[in-house]
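The values are calculated or read from the model by the stated rules, or taken from the named source; none is laboratory data. On a predicted model such as this, the values are computed, not experimentally measured, just so you know. Cβ placement follows ideal geometry from the backbone for every residue including glycine, while neighbour counts extend to all protein chains displayed. Side chains included, ligands, DNA and RNA excluded: accessible areas come from the protein's heavy atoms. Shrake-Rupley method; radii C 1.70, N 1.55, O 1.52, S 1.80 Å.
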Amino acid sequence: MSQMITIQVNGESFTLPAGSSVSNLLASIGSEQESVATVVNDQIVRPDNRASFRLKKGDRVEILIFAGGG
Amino acid sequence: MDSLHIGSYTFSSRLILGTGKFSSSSVMLEAVKASGTQLVTVALRRFNREQPGDDLFTPLTSIPGITLMPNTSGASTAAEAVQAARIARELSGSPFIKVEIHPNPQHLMPDPIETYEASKILAKEGFLVMPYIPADPVLAKRLEEAGCVSVMPLGSAIGSGQGLATAEMLKIIIRESTIPVIVDAGLRSPSEAALAMEMGCDAVLVNSAVAVAGNPPVMAEAFAEAVAAGRKAFAAGIMEKSGIAVATSPLTSFLGTEA
């Protein structure tokens, strides 16, 4: 069994296999179909880089969408 | 064609619509279509896996001719607003950003100092910066000099429906400004939007007045007509006020009067 790591996703703890990428994370939370922006430790991770961007234990990930606003 | 020019963009509609506070996304989308707007604001929010399908990017950008203007709502400092703007640009692909920094939820008045700092940085980064500001002519001029493509002074507090409480200050901003002046916030009814346009505003941004109306799509259409009428009246040249009556009918050569 692969080793698991815990990260923060939108302020909540989330556990996933070590070596997972941002793309893997999006797939596991079901947001891969949405238009989202991803930010890891305040650094924007562009769509092209999500598959190669590996997450580490303790990373803070923000997944953002556009919602209604004035 | 009397078009609105902001940065390198040209819009035939002078009504900008906010997308918050609608009862549902489908009602909001109907209102956007009915308004004929070409520029709509959106806000960044955390993805919620319990509520997938909340994302407005795809449905809004599927409407022909719509450009998104993300806002930085939620930011209470310049640094937070700059980060929000950079994230929003990644998502929207749009150069427009509405800089909106209001630290106090009780009155939602924009912080002029943080707004100025954020706008200056973002303008240098190539954003088309449209700051939401207090109706302050000095601040408006400083933001223009900092490279903003428009200023968006408030008519009254966000969502208050108190109309053009800042009218006299708005007139000064309009007179002094060489970039479009867009009244943002506080408008309650189409007549107020028409009045703002008659005063010489270049556009208005409306959200609550449409979103909480009994029939939002019809209200959106009413605002669009009022904005167009107000603009047409401004362009046509509105008569001066007079302290005394000025007759519209001849007062001489009538029945028994001597010419």
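With a 1.4 Å probe and all protein chains in place, put B:Lys232, B:Lys241 in order of accessible area, largest first. Working shown, then result.
Values: B:Lys232 155, B:Lys241 200 Å².
Per-residue accessible area, sorted high to low, gives B:Lys241, B:Lys232.
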| Total accessible surface hidden between A and B, rounded to 100 Å², 1.4 Å probe | 2400 Å²
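From the protein chains alone at 1.4 Å, what is the descending order of accessible area for B:Tyr132, B:Tyr116, B:Tyr9, largest first?
In descending accessible area the options line up as B:Tyr9, B:Tyr116, B:Tyr132.
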| Which value, in debye to the nearest 20, gives the size of the charge dipole of chain B about its Cα centre, when Lys and Arg are +1 and Asp and Glu are -1 at the Cβ? | 280 debye
| said: As a quick test, which of the pairs A:Lys56/B:Lys98; A:Lys56/B:Lys124; B:Lys33/B:Lys98 have an alpha carbon distance above 23 angstrom in this structure? | reply: A:Lys56/B:Lys98; A:Lys56/B:Lys124
| query | Using unit Cβ charges (K, R positive; D, E negative) and no other charged atoms, how large, in debye to the nearest 20, is the dipole of chain A about its Cα centre? | reply | 240 debye
| Tell me, what is the per residue accessible area of chain A in Å², probe radius 1.4 Å? | 52 Å²
| In a GNM of chain B with a 10 Å cut-off on Cα contacts, which of B:Pro131, B:Pro103, B:Pro216 has the highest mean-square fluctuation? | B:Pro103
| For B:Asp184, distant residues with modelled amide H under 5 Å away | B:Leu154, B:Gly155, B:Leu205
| How big, in percent, is the set of alpha carbon pairs in region A:4-64 lying more than 19 Å apart? | 15 percent
| task | Pop out a list of residues from region A:49-70 that are at least 40 Å² less accessible with all the protein chains around than in their chain alone; 1.4 Å probe, no ligands or nucleic acids counted. | result | A:Leu64, A:Ile65, A:Phe66, A:Ala67, A:Gly68, A:Gly69, A:Gly70
| request: Using a 1.4 angstrom probe on heavy atoms only, work out the carbon and sulfur share of the accessible area of the protein assembly as shown in %. | output: 53 percent
| task | Taking only protein heavy atoms into account and a 1.4 Å probe, give the accessible area per residue of region B:4-236 in Å². | result | 40 Å²
| task | Starting from the Cα of B:Ala157, move 7 Å in the Cα-to-Cβ direction to define the label point; list residues of region B:192-216 whose amide nitrogen is under 17 Å from there. | result | B:208-209
| remark: Looking at region B:61-76, residues buried by 10 Å² or more relative to their chain on its own, accessible surface at probe 1.4 Å, turn out to be B:Asn71
